[in-house]
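Colleague: Please see the structure below; I have some questions.
The values are calculated or read from the model by the stated rules, or taken from the named source; none is laboratory data. All values derive from a computational prediction rather than experimental measurement. Here the Cβ positions follow ideal geometry from the backbone for every residue, glycine too, while neighbour counts run over all protein chains shown.
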Amino acid sequence: MSDSKDKRIKKLKKKRIWPSILGLFIITIIFGILIIFLISFACVDVIQRKLIEGNSQAEAIAGLFENYEDGQEQRIQDAVLANLEMKSEFEAVWVADADGNKLWSNNDMVPDRERVFDFIWVDESIMHLIVEEDDNQILMFYEDDIKINGKFFSEMYRLIGRDESIFFSNEKESAIMQIRLWFAQEVNGLEVYTLQTICVYGYDFLMFILCIGLFGIMIAVFMLYYLISFISVIVSMRRTTKIIYTDMVTGGNNWLHFVKKGNSLLKRKMGTRNYAVLHLKMRKYRSFCTCFGVKEGEALVEKMYHVLKKNIKRYEVMAHQENAQFGLMIAYTDEQQLLARIEAMESALDAVLPKMKVYFAVGIYRVQQKERDIEQLYNNALLACDMLGEEAENQIAFFDVEMNKQRLWERKVEDDMDAALSNHEFQIYLQPKISTAQEVLAGAEALVRWIHPTEGFIPPNKFIPIFERNGFILKLDDYMLEGIARQQAQWINQGRKVVPISVNISRAHFAKEDLAEHICSIVDKYQVPHQFIELELTESAFFDDKNVLLQTVKKLRTAGFIVSMDDFGAGYSSLNSLKELQLDVLKLDADFFRGADVQERGLLIVSEVIDLAKKLNMKIVAEGIESREQVDFLTEQECDLIQGYFFAKPMPICEFEEKYKEV
C-alpha cells in the first residue's frame, strides 16, 4: 500500500476525534475556573456579611453607653447584660475611659488593646478570604490597601496572632466555622470593646448552593453533551475503520486489512515462526460466472472465504483479493506440513460445490528473515502462480529466483518494445519453402527477429509470448505485413521473380470485424498483387468468435489472398476446423516428424492428412524437415512444399536475395 494511501486512511480514521477531545478539555477547564471563582466569592461574601452584622451589633451595645456620665451607670449595665443574655454570640464587654482605665466589664476577659481593631467596611475591596487551621491565620486578598488603626490588612495575621481569635470549633454543631473577634467602638469619650463569636452556618450558603446547583446542572449538561459527542466520535471512528477494512463481496476482511495485519505480524512474530505467503485462486472463475451469473459467482466467493477463514489461526491472516482469488499468510514448520495444510484447504473448498469439479492453483513464497513488505511477498507468490499456466489439474508452485528474473525480463521487453518498433529493431527473416517436385524455391515464410542494441539477438520465443499477452502482437503483425508488402513491391519493381510469402496473423486480430479491410489497406498501399501474400492463422483462432473468423477468411480469399492454417495437428479440433473453414494451404506441425514413433504412427497420420488435404483441394506444407529421408517420404506422398533446416534456416532478406537472385 502506498504511503499517500496509508496517510489518507489514517486521516480519515482520526478526522473528528481531536476537536471533541480539545473541546471537552477546554470546557472542563473553564467550568472548573468558574466553580472555584464562585466558591471563593461566596465564602468572602458570607464572611463579609457576618463581619458587618457583628460590627452593627457591637455598635448597638456601644450605643448603650452614650449617657454613661449621667448617673445611669447601673441602668446601662443592666441593659448591656440583658442584651448579652439575648445574644449568644456576645461573650464579653469591656469598657474603658479615655485614659484606658477599666470602667466596667461583665466578666474577667480583657482585650489586648494593641491587637484589637475597628471594623471598617470598604465596598468591593476584599476579594478572597481563606482560613487555615494549622497556622490559625487569616489571609486576605483585596484590590485596595486598607488601613485599620494604622495597620494594613496584610499585617492582620500579626494583629490576630495565635490568640485563638480565629479558629474552627465543634462547640456549636450547626456552625461550620466560628471566628472570635474583639470589636472596638468609641462612644462619649469611652472605648467599648465587645468580644463576639461570629458563626457561619450552612444556611448562609443557601442561595449559593442553589446557584451552584443550577450551575452544576448546566455544567453536567455540557459535560454530558461532550461526553456523548466523544463517545459518538469513537463509535463512528470504529465504524469507519470497519468499513475501510471490509470486503464488499465477502463481508470479511479486505486487502487493506491483509496488508496492515500482515506487516504487523512480520514485524512482531518473524523471529519465532516460519511464514509462507500464498496466492490461491479458483481456475476458470469467469467461465463459472458466465454460466451461472455474477451473483452466483460472488456467493461462491463468499462461501470460499468463510471456509478459508475457519482454517486461519489467530496469528495468521487471510483476505479476498479479487474475483475468486485469495491472499493468505500462514505459519508452518516444514514444507511437508505446509503442503498438507494447503491440500486440506483445497479439499474443504471442493466441498463448497460438491456436484462440480473445481480446480485451484496456489503460488507460494516462503518468507525470509527481515522481509517486512507483505505486498511484495504476495507479488512473488502471485508470480509463482502465474507461471503454472491454465492447466486442468490442481497445481502448487513455489517461488524461485528464476521466476523473478523472468518477470524482470518481461518488464524490460515491455519497456523497450515501442522504441524497438520505431527504431526498426525488429528484423524480417525469411525461411524458404521448397517444392517437392523440382526442389526449387516456391515460397517463403516471414519470421521476426529482434536485434536489441544492448541485448543483441533475441529469439522469438523470448518476446512473442509476452507480446501475445499484452496485445503488442497486433502492432508487430502490422509491422511485418507492411514490411513484406514493401519488399515484394521492391522486387516487382526490380523485375525479380516474386514468390508468395506467408505472414503470421495472431488470433487477437480476429476480434475486429474489419480485419480484412485493414489488411487490404496495408498491402494496397504498395500495390502488391494479393496472391503474393499468404496469411497464416493458427487453429486456436477458431476458439474465439467463430462467426467473425469465418467471415474474415471468406473476405480475404475473395480479395485474392492465400489463407493457410499453421501448426495443423497441434490443437484438439483440427478436423472440425477444416470442415467449416475454407482454406488454401495446410501446414503440418513439425511435431509430426519428431519423436521415437515418427516412422510408424506419425508418418501414417501424415500420409492420411496429405490425402485428406488433396481431396479438399488444399496445398500441403510440411515444416520442421531436417533429413533426406523425410524429404523423400513427403515427395512420395505428394506433399507440395517443404520448409525446414534441411534446405535452409531462416535468413535475413539480404542473404535471401543473394541466395535466390537467379530464381
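Colleague: For segment 54-77, give me each residue that is assigned to a helix (DSSP H, G or I) and at pLDDT 75 or above.
Modeller: Within segment 54-77, 54, 55, 56, 57, 58, 59, 60, 61, 62, 63 meet the criteria.
Colleague: Taking the condition aromatic (Phe, Trp, Tyr), modelled with pLDDT of 90 or more and either within 14 Å of residue 278 (Cα to Cα) or in contact with a Cys (Cβ under 8 Å, 6 or more places away or on another chain) (or both), does residue 360 pass?
Modeller: Working: aromatic (Phe, Trp, Tyr): yes; modelled with pLDDT of 90 or more: no; either within 14 Å of residue 278 (Cα to Cα) or in contact with a Cys (Cβ under 8 Å, 6 or more places away or on another chain) (or both): yes.
In short, no.
Colleague: Next up: Mind listing just one residue for me: the one in segment 368-381 that is in contact (Cβ under 8 Å) with a residue 24 or more places away in the chain and surrounded by fewer than 21 Cβ atoms within 10 Å (Cβ to Cβ) and, of those, nearest to the chain's Cα centre (by Cα)?
Modeller: Filtering segment 368-381 down to residues in contact (Cβ under 8 Å) with a residue 24 or more places away in the chain leaves 369-375, 377-378, 380-381.
Remaining after also requiring surrounded by fewer than 21 Cβ atoms within 10 Å (Cβ to Cβ): 369-373, 375.
Numbers: 369: 25, 370: 22, 371: 20, 372: 16, 373: 14, 375: 12 Å.
For segment 368-381, the residue satisfying everything is 375.
Colleague: Checking residue 192 against (1) part of a helix (DSSP H, G or I); (2) closer than 30 Å to residue 102 by Cα: exactly one of these is not met. Which one?
Modeller: Unmet for residue 192, out of (1) part of a helix (DSSP H, G or I); (2) closer than 30 Å to residue 102 by Cα: (1).
Colleague: Among the numbered criteria (1) within 14 Å of residue 375 (Cα to Cα); (2) among the charged types (D, E, K, R); (3) in a strand (DSSP E or B), which single criterion is violated by residue 260?
Modeller: (3)
Colleague: On to the next question. When you check residue 497 against the structure, is it over 16 Å from residue 446 (Cβ atoms) and without any contact (Cβ under 8 Å) to a residue 60 or more places away in the chain, yes or no?
Modeller: On the way: over 16 Å from residue 446 (Cβ atoms): yes; without any contact (Cβ under 8 Å) to a residue 60 or more places away in the chain: no.
When the stated conditions are applied, residue 497 does not pass them.
Colleague: Let me ask something else about it. For a quick check of your reading of the model, give me the residue pairs whose first member lies in segment 386-413 and is closer than 20 Å to residue 469 by Cα and modelled with pLDDT of 85 or more, whose second is in a helix (DSSP H, G or I) and among the aliphatic types (A, V, I, L, M), with beta-carbon atoms closer than 7 Å and at least 6 apart or on different chains.
Modeller: Filtered contacts from segment 386-413: 410/466; 413/466.
Colleague: So which of 564, 577 ends up being in the same structural domain as residue 522 (by TED's automatic domain parsing) and either at pLDDT below 75 or out of contact with any strand residue (DSSP E or B) (no Cβ under 7 Å at 6 or more places or on another chain) (or both)?
Modeller: Numbers: 564 fails: either at pLDDT below 75 or out of contact with any strand residue (DSSP E or B) (no Cβ under 7 Å at 6 or more places or on another chain) (or both).
Going through 564, 577 in turn, the sole match is 577.
Colleague: Which of the numbered conditions does residue 335 fail, given that it passes all the others? Conditions: (1) free of Cβ contacts under 8 Å to residues at least 60 places away in the same chain; (2) over 21 Å from the mean Cα position of the chain (by Cα); (3) crowded, with 17+ Cβ neighbours inside 10 Å.
Modeller: Answer for residue 335: the failing condition is (3).
Colleague: Any residue in segment 356-367 that is over 14 Å from residue 280 (Cα atoms) sitting within a Cβ distance under 9 Å of a residue that is of a type in the set (D, E, K, R)? List the pairs, counting only those 6 or more apart or interchain.
Modeller: Taking only residues 6 or more apart or on different chains, the pairs are 357/350; 366/335.
Colleague: While we're looking at this one, here's another question. What's the total number of residues in segment 606-643 that are exposed (fewer than 15 other Cβ atoms within 10 Å of the Cβ) and within 15 Å of residue 594 (Cα to Cα)? Don't jump to the end; show me each part of the working.
Modeller: Pass one, segment 606-643, residues exposed (fewer than 15 other Cβ atoms within 10 Å of the Cβ): 608, 611-612, 615-617, 626-629, 632, 635-636, 638.
When the remaining residues are screened for being within 15 Å of residue 594 (Cα to Cα), the result is 626-629.
Selection size over segment 606-643: 4.
Colleague: Looking at segment 250-260, is at least one residue over 30 Å from residue 42 (Cβ atoms) and exposed (fewer than 15 other Cβ atoms within 10 Å of the Cβ)?
Modeller: Yes, because at least one residue in segment 250-260 is over 30 Å from residue 42 (Cβ atoms) and exposed (fewer than 15 other Cβ atoms within 10 Å of the Cβ).
Colleague: Specify the residue that is surrounded by the fewest Cβ atoms within 10 Å (Cβ to Cβ); the eligible residues are those in segment 418-434 that are touching an Asp or Glu at 6+ places or on another chain (Cβ under 9 Å) and farther than 17 Å from residue 624 by Cβ.
Modeller: 419
Colleague: Give the number of residues within segment 463-505 that are more than 25 Å from residue 532 (Cβ to Cβ) and either surrounded by 15 or more Cβ atoms within 10 Å (Cβ to Cβ) or touching a Lys or Arg at 6+ places or on another chain (Cβ under 8 Å) (or both). Write out each step before concluding.
Modeller: Here is the first cut: in segment 463-505, the ones more than 25 Å from residue 532 (Cβ to Cβ) are 463, 465-472.
With either surrounded by 15 or more Cβ atoms within 10 Å (Cβ to Cβ) or touching a Lys or Arg at 6+ places or on another chain (Cβ under 8 Å) (or both) added as a condition, the list becomes 463, 466-468, 472.
Selection size over segment 463-505: 5.
Colleague: Residue 524 - would you say it is at pLDDT below 90 and either closer than 30 Å to residue 661 by Cα or within 44 Å of the chain's Cα centre (by Cα) (or both)?
Modeller: Details: at pLDDT below 90: no; either closer than 30 Å to residue 661 by Cα or within 44 Å of the chain's Cα centre (by Cα) (or both): yes.
No.
Colleague: Kindly provide the set of residues from segment 250-293 that are under 18 Å from the mean Cα position of the chain (by Cα), under 19 Å from residue 309 (Cα atoms) and hydrophobic (A, V, I, L, M, F, W, C), ordered by number.
Modeller: Passing the criteria: 255, 256, 258, 259, 265.
Colleague: In addition: Looking at segment 83-95, is at least one residue surrounded by 13 or more Cβ atoms within 10 Å (Cβ to Cβ), part of a loop (DSSP other than H, G, I, E, B) and modelled with pLDDT of 75 or more?
Modeller: No.
Colleague: Looking only at segment 288-300, decide whether some residue is among the polar types (S, T, N, Q), at pLDDT below 85 and either farther than 22 Å from residue 370 by Cα or touching a Lys or Arg at 6+ places or on another chain (Cβ under 9 Å) (or both).
Modeller: In the first step, residues of segment 288-300 are kept if they are among the polar types (S, T, N, Q); the result is 290.
Restricting the remaining residues to those that are at pLDDT below 85 gives 290.
Filter once more, so that each one left must be either farther than 22 Å from residue 370 by Cα or touching a Lys or Arg at 6+ places or on another chain (Cβ under 9 Å) (or both): 290.
Yes - at least one qualifying residue is present in segment 288-300.
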